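See structure below.
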Amino acid sequence: MSRDGPATRAIDGIDIDACVARMARKLARYDDHQPDKSAYPNEAKADVWSTVPASDWVSGFYPGALWYVYEFAMRRQWPNPDLWRQRAHTWTAGLTAEQFTTTNHDLGFMIMDSFGHGYRLTGDAAYKAVVLQAAESLSKRFSDTVGLIRSWGAIDDPENFVVIIDNMMNLELLVWASDNGGPQRYRQVATQHADRSRLEFFRPDQSTYHVIDFNPQTGGLKRKYTHQGLGDESCWSRGQTWAIYGYAYLFEATGDPRYLEQSVAAADYYLARLPADHVPPSDFDSGLAGLEYKDSSAAALASCAFFRLARLCPQPSDQVRFWHAAVNTLESLVQAPYFSSSPSHASALRYQARNFHADASHRLTNTSLIFGDYFLLEALLAYDSAIETTRQ
Ligand code: GLY
């Protein structure tokens with residue numbers, strides 16, 4: 001961090017302790033009132049979360065959020081942090097069988113957010129064993145011919161090999177496993193995926209395509225399109241932020257400057273199109289500015305990525321501008337209208353979009369998503385850690 005950074009840090013409206021406490025109350029309420037510990041929170045329009053089973057791609061975010069609260073409870077010496085560890089453990093344990101699944105690429109989210117945090121915070125070797133097995137399972141979706149991990153579809157589909165930009169977020173599982181007793185091959189799979197994704201997913205202006213289908217027999221390109229954006233050539237904002245975050249993480253894990261350049265280029269595109277309240281529309285090309293078309297989940301994970309870039313960029317000017325981007329975004333998210341003022345509302349974060357496809361029958365906006373709250377907590381803890389670092 002440059003010398004300019006810390007001096008700017010006091011100028012914000014973020015009460016970290018109050019925000020985490022409010023989020024913790026909502027997370028606890030779900031656990032307290034949900035007898036079925038295999039029903040994971042997913043979406044909420046008001047006071048009740050819809051739920052999904054452990055096999056759903058979002059299942060890791062609730063246990064992950066509980067682990068973040070446990071981390072914060074330890075940091076602040078709350079009276080009973082162990083209660084949070086027990087809650088996190090219960091919901092993490094419910095995902096144990098997922099370590100063997102080879103049906104989707106989202107094992108990274110599912111397992112790193114649950115067992116990964118569990119191991120990081122407790123050192124329990126049983127958690128680590130699950131992460132290592134999950135990395136093996138995810139690596140089975142990699143193709144040497146295509147040079148990518150297959151995001152969607154059957155592992156042996158001979159016709160289609162579908163990859164989404166979101167897949168960048170699942171590489172941490174492989175790199176972490178490689179660095180913690182797993183084979184080096186996992187790291188190579190992750191970097192090969194990132195390398196070909198750099199070539200295929202970014203347009204000349206550094207906006208991202210969402211979905212690409214390849215020929216599994218030859219590795220050749222078949223089609224670029226969208227599933228959750230407005231159109232095939234538009235920019236779905238959450239996809240853009242998955243890219244910013246994914247490449248920032250991979251730079252931190254590998255030190256390869258090409259990944260930092262890619263993250264910064266994608267971030268520059270995002271920031272240039274960001275509205276004044278620092279929360280993007282679900283699709284930058286939608287032309288719709290209303291709250292009901294926003295995606296605050298994209299903003300939450302952008303804030304996490306910007307805190308990382310502020311820490312990683314070598315240039316002081318980049319450190320400062322990404323610091324401001326991170327804090328300004330977070331400040332907007334912890335206030336009305338994005339932060340729910342109602343204690344009974346299921347989630348903390350409002351105005352998120354699941355899908356902004358041009359075909360309105362696919363569209364789901366103006367909702368809350370469990371991963372929005374997860375990344376909001378991550379951003380609050382990242383902010384807290386950064387402030388603490390500069391105090392020392
Ligand atoms: N990775 C799925 C989504 O962002 O909706």
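Brief remarks on what is shown
- Test: residue in the range 155-173 that is among the charged types (D, E, K, R), touching a helix residue (DSSP H, G or I) at 6+ places or on another chain (Cβ under 9 Å) and within 22 Å of Q240 (Cβ to Cβ): yes
- Residues (within 16 Å of the ligand (Cβ to nearest atom) and farther than 14 Å from D113 by Cβ) located in the range 43-72: E43, A44, S50, V52, S55
- At least 2 residues being more than 25 Å from E331 (Cα to Cα) and basic (K, R) is the threshold, and among the helices (runs of 4 or more DSSP H) wholly inside the range 13-105 those reaching it are 81-93.
- Residues of the range 79-114 that are of a type in the set (G, A, S), away from the ligand (no atom under 16 Å from the Cβ) and either without any contact (Cβ under 8 Å) to a residue 24 or more places away in the chain or closer than 20 Å to R141 by Cβ (or both): A93, A97, S114.
- Selection within the range 70-100 - hydroxyl-bearing (S, T, Y) and either touching a Gly at 6+ places or on another chain (Cβ under 7 Å) or surrounded by fewer than 17 Cβ atoms within 10 Å (Cβ to Cβ) (or both): T90, T92, T96
- Residues (part of a strand (DSSP E or B) and either touching a His at 6+ places or on another chain (Cβ under 6 Å) or among the hydrophobic types (A, V, I, L, M, F, W, C) (or both)) located in the range 143-171: L148, I149, W152, F161, V162, V163, I164
- Test: R354 is under 27 Å from V69 (Cβ atoms), among the charged types (D, E, K, R) and within 16 Å of the ligand (Cβ to nearest atom): yes
- Hits in the range 158-180 - residues which are within 19 Å of H210 (Cβ to Cβ) and either away from the ligand (no atom under 14 Å from the Cβ) or not charged (D, E, K, R) (or both): N160, F161, V162, V163, I164, I165, N167, M168, M169, N170, L171
- If the condition is being within 16 Å of the ligand (Cβ to nearest atom) and among the polar types (S, T, N, Q), then the range 326-351 contributes only S347.
- Number of the exception - A266 against (1) more than 16 Å from the ligand (Cβ to nearest atom); (2) under 19 Å from the mean Cα position of the chain (by Cα): (1)
- Selection status of H117, touching a strand residue (DSSP E or B) at 6+ places or on another chain (Cβ under 7 Å), closer than 20 Å to M169 by Cβ and not aliphatic (A, V, I, L, M): no
- When the criteria are applied in full, L377 fails the requirement of being farther than 21 Å from G290 by Cβ, modelled with pLDDT of 95 or more and surrounded by fewer than 24 Cβ atoms within 10 Å (Cβ to Cβ).
- Among the residues here, S234 qualifies as under 26 Å from W152 (Cβ atoms) and away from the ligand (no atom under 15 Å from the Cβ).
- Checked against the criterion of being out of contact with any helix residue (DSSP H, G or I) (no Cβ under 9 Å at 6 or more places or on another chain), over 18 Å from I165 (Cα atoms), touching a residue at least 24 places away in the same chain (Cβ under 8 Å) and within 16 Å of the ligand (Cβ to nearest atom), the range 295-310 contains not a single residue that satisfies it.
- Which listed residue is in a loop (DSSP other than H, G, I, E, B), crowded, with 17+ Cβ neighbours inside 10 Å, touching a residue at least 40 places away in the same chain (Cβ under 8 Å) and within 16 Å of the ligand (Cβ to nearest atom), from G239, G246, G229: G229
- Test: residue in the range 208-217 that is out of contact with any Asp or Glu (no Cβ under 9 Å at 6 or more places or on another chain) and surrounded by 19 or more Cβ atoms within 10 Å (Cβ to Cβ): yes
The values are calculated or read from the model by the stated rules, or taken from the named source; none is laboratory data. Note that the structure is predicted; figures quoted are calculated from it, not measured. Note: ideal-geometry Cβ built from the backbone for every residue, glycine included; neighbour counts use all protein chains shown.
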